[in-house]
Amino acid sequence: MAVVTRRDFLAASALTLSAATYAGAAAKPNDRVRVAVMGCRVRGKQLLPVFAAQPNVEITHVIDPDESLHADAAKLAKTQETPPKTETDVRKVLEDPSVTALVVAAPDHWHALATVWACQAGKHVYCEKPCSHNLVEGRRMVQAARKYKKVVQIGTQRRSATDVAAAREYVQAGKLGKVAFARAWIAGNRPNIGKAEPAPVPKGVDYSLWLGPAAEGPFTKNRFHYTWHWFWDLGTGEIGNNGIHGLDMARNVLGVDAPTRISCAGGKYWYDDDQQTPDTQIATFDFPAGPGGAAGCTLLWEHRVWEKKGPEGQSFGVILHGDKGTLLFTEKGWEVRGGDGTTEKPGPDIVGAHVKNFLDCVRDGKTPNADIEEGHKSTRLCHLGNIAYRTGRTLHFDAATETFKDDPAANQLLGREYRKGFELPAV
């Protein structure tokens with residue numbers, strides 16, 4: 001008889017956190033999953049070979065308004081005999097009834113619209129983090145997944161990590177004691193992007209389609225590949241780019257839901273360039289005591305994208321402070337200081353595990369580890385932090401209505417205006 005170790009158990013439980021089912025999922029465990037990938041630059045090129053390497057998966061399309069990216073992206077599906085088709089407009093691909101699922105690795109401003117369209121077209125969705133460009137979009141994505149009974153997994157892959165599952169088990173068992181404060185951070189040493197003048201749109205780029213829901217405007221190199229992250233109408237800043245990982249880990253391990261009070265400090269103190277989002281940011285989230293006697297706590301996010309190393313000598317990290325010890329995540333897993341000294345090493349290939357979890361749920365109808373509801377709640381923290389930064393004041397959040405109390409100006413930043421033809425559908 002095989003012996004099941006604690007690590008084996010956690011690996012299994014990390015992939016089956018819920019037994020809830022989706023009526024619209026594939027009926028047979030061995031059904032072939034035909035996947036289209038939207039966004040062919042950085043993250044899309046990273047995910048393509050991971051999906052292609054999974055058993056009984058076919059990459060049907062690679063999609064990007066920049067045609068120069070198509071050939072290299074298509075080559076990444078090298079494990080299959082027939083190369084994927086190339087397309088610039090996701091809407092044409094969603095019309096194909098043979099496509100099972102859409103991977104959304106496009107910029108933040110496309111995440112919600114592509115996901116809702118895909119659910120309406122009967123496709124399951126693996127959407128990269130952060131799940132949305134703004135809070136209203138995130139809730140609309142949840143509604144679409146539920147209405148059309150589709151599996152929607154968000155790319156917060158640490159939800160499928162065995163060491164994070166072990167930390168949650170450890171903390172929820174009370175072994176760290178009462179945890180009243182947690183902190184997550186990143187330091188990036190990012191380059192100055194400079195100041196770019198309007199320029200001709202590169203050959204082979206449908207820039208209007210690339211903008212999609214975002215505001216119309218002239219092309220500049222800084223409002224295009226990757227550096228779009230640092231503009232409010234396109235991205236969500238560093239808190240949405242990498243903060244989502246740290247905040248999601250902390251929220252997952254602590255078991256907290258929504259904050260009631262949010263404040264934020266920071267600014268552009270280091271770079272003199274086109275970036276609109278802060279290069280230095282500290283956001284605090286106060287969570288109330290929960291049901292069953294769960295204690296309230298403060299969660300802090302900080303980034304300094306000009307610094308090589310952050311707290312504890314870690315460029316990225318999460319630390320939980322309890323009255324029985326302090327649990328620190330590093331690149332080597334996690335360790336408990338000042339307590340029982342427990343340590344846990346990270347599991348292998350968490351991106352592969354996360355993709356496998358998504359595909360398993362498409363086939364068996366279970367809820368994925370980073371279900372859209374959880375993805376929205378963690379991404380919501382990023383949006384709340386940014387709104388507190390942009391308004392320059394402490395905000396009081398009502399989770400039931402997902403609005404701010406007596407603050408019309410802050411509530412205006414919960415959504416956005418859309419260009420004609422790219423409006424977010426009502427669900």
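Each value in this text was obtained by applying a stated rule to the coordinates, not by laboratory testing. All of these numbers come straight from a predicted model, not from anything done at the bench. So basically every Cβ, Gly included, is an ideal-geometry build from the backbone, and we count neighbours across all protein chains shown.
For Q46, project a label point 7 Å along Cα to C-beta. Then give me every residue of the stretch 93-117 with its amide nitrogen under 15 Å of that point.
The answer is 104-108, whose backbone nitrogens lie closer than 15 Å to the label point.
If I take R0 = 51 Å and measure r between the Cβ atoms of K78 and K405 in this structure, what FRET efficiency does the formula 1/(1 + (r/R0)^6) give, to the nearest 0.05?
Here the calculated transfer efficiency is 0.40.
Using alpha-carbon pairs under 8 Å, 6+ residues apart, how would you state the relative contact order of the chain in percent?
That works out to 22 percent.
When ranked by the protection proxy of mean other Cβ atoms within 10 Å per residue, highest first, what sequence do the peptides 199-206, 134-141 form?
Packing proxy ranking, top to bottom: 134-141, 199-206.
Using the crude model of +1 on Lys and Arg Cβ and -1 on Asp and Glu Cβ, and no other charge, please compute the dipole size for the chain relative to its Cα centre, in debye to 20.
Computed about the Cα centre, the dipole is about 560 debye.
Determine the gain in length on full extension of the stretch F181-R393; use 0.36 nm per residue of separation and subtract their C-alpha separation, reporting nm with one decimal.
74.2 nm
Amide H of N134: which non-local residues (sequence gap of 5 or more, or other chain) have their own amide H closer than 5 Å, using H built in the peptide plane?
none
Taking H placed 1.01 Å from N in the peptide plane, check which residues at least 5 places from V318 or on another chain put their amide H under 5 Å from its amide H.
Residues meeting the criterion, in which the H sits 1.01 Å from N, are F329.
Mind checking which of P83, A173, L359 is farthest towards the positive end of the chain's charge dipole, using Cβ charges of +1 (Lys, Arg) and -1 (Asp, Glu) about the Cα centre?
Of the candidates, A173 comes out farthest on the positive side.
Per residue of the stretch 232-247, in order, report the coupling 6.51 cos²θ - 1.76 cosθ + 1.60 (Karplus, θ = phi - 60°) as ³J(HN,Hα) in whole Hz, putting x for Gly and Pro.
Karplus values, whole Hz, x for Gly and Pro: 4, 7, 10, x, 10, x, 5, 5, x, 6, 10, x, 4, 5, x, 5.
Take the alpha carbon atoms of the stretch 339-362, find their center, do the same for the stretch 136-178, and report the distance between the two centers in whole angstrom.
Distance between centres, Cα-based: 12 Å.
Could you give the dipole magnitude of the stretch 15-158 about its Cα centre, charging the beta-carbon of Lys and Arg +1 and that of Asp and Glu -1, in debye to the nearest 20?
Once rounded to the nearest 20, the dipole reads 580 debye.
Would you give the gap between the C-alpha center of the stretch 53-98 and the C-alpha center of the stretch 259-337, rounded to a whole Å?
37
Only bridges whose two residues both fall in the chain count here: according to DSSP, what percent of them are antiparallel, nearest 5?
If we restrict to bridges inside the chain, about 60 percent are antiparallel.
Starting from the amide H of T280, placed 1.01 Å from N in the peptide plane, find each other amide H under 5 Å away whose residue is 5 or more places distant or on another chain.
So T280 has HN proximity to G267, Y269.
Classify the stretch 15-158: rounded, prolate or oblate, from the alpha-carbon gyration tensor (a ≥ b ≥ c, eigenvalue square roots; a/c under 1.5 rounded; otherwise prolate if a/b is larger than b/c)?
oblate
Let me know the shape class of the stretch 305-427, please: from the alpha-carbon gyration tensor, a ≥ b ≥ c as square roots of the eigenvalues, rounded when a/c is under 1.5, otherwise prolate if a/b is greater than b/c, or oblate.
It is oblate, given that a/c is not under 1.5 and a/b is not larger than b/c.
Taking θ as phi - 60°, what are the ³J(HN,Hα) couplings along the stretch 273-287 by the Karplus curve (6.51, -1.76, 1.60), each to the nearest whole Hz, with x for Gly and Pro?
Along the stretch 273-287, the couplings run 8, 7, 4, 9, 7, x, 8, 9, 8, 10, 10, 10, 10, 9, 9 Hz.
Just name one of P368, Q276, L211: the one whose Cα is farthest towards the positive end of the charge dipole of the chain (beta-carbon charges, Lys/Arg +1, Asp/Glu -1).
P368
Students often check this: by mean Cβ neighbours within 10 Å, which of 228-237, 413-422 ranks highest, and how do the rest follow?
228-237, 413-422
What are the ³J(HN,Hα) values, in whole Hz, obtained from phi via the Karplus relation 6.51 cos²θ - 1.76 cosθ + 1.60 with θ = phi - 60°, for each residue of the stretch 146-155 in sequence order, with x given for Gly and Pro?
Once rounded to whole Hz, the list reads 6, 4, 8, 6, 10, 6, 10, 9, 9, x.
Are any of the pairs K377/K405; K45/K420; K85/K150; K147/K405; K123/K147; K195/K221 more than 21 Å apart by Cα-Cα distance, and if so, which?
Where the Cα-Cα span goes over 21 Å, the pairs concerned are K45/K420; K85/K150; K147/K405.
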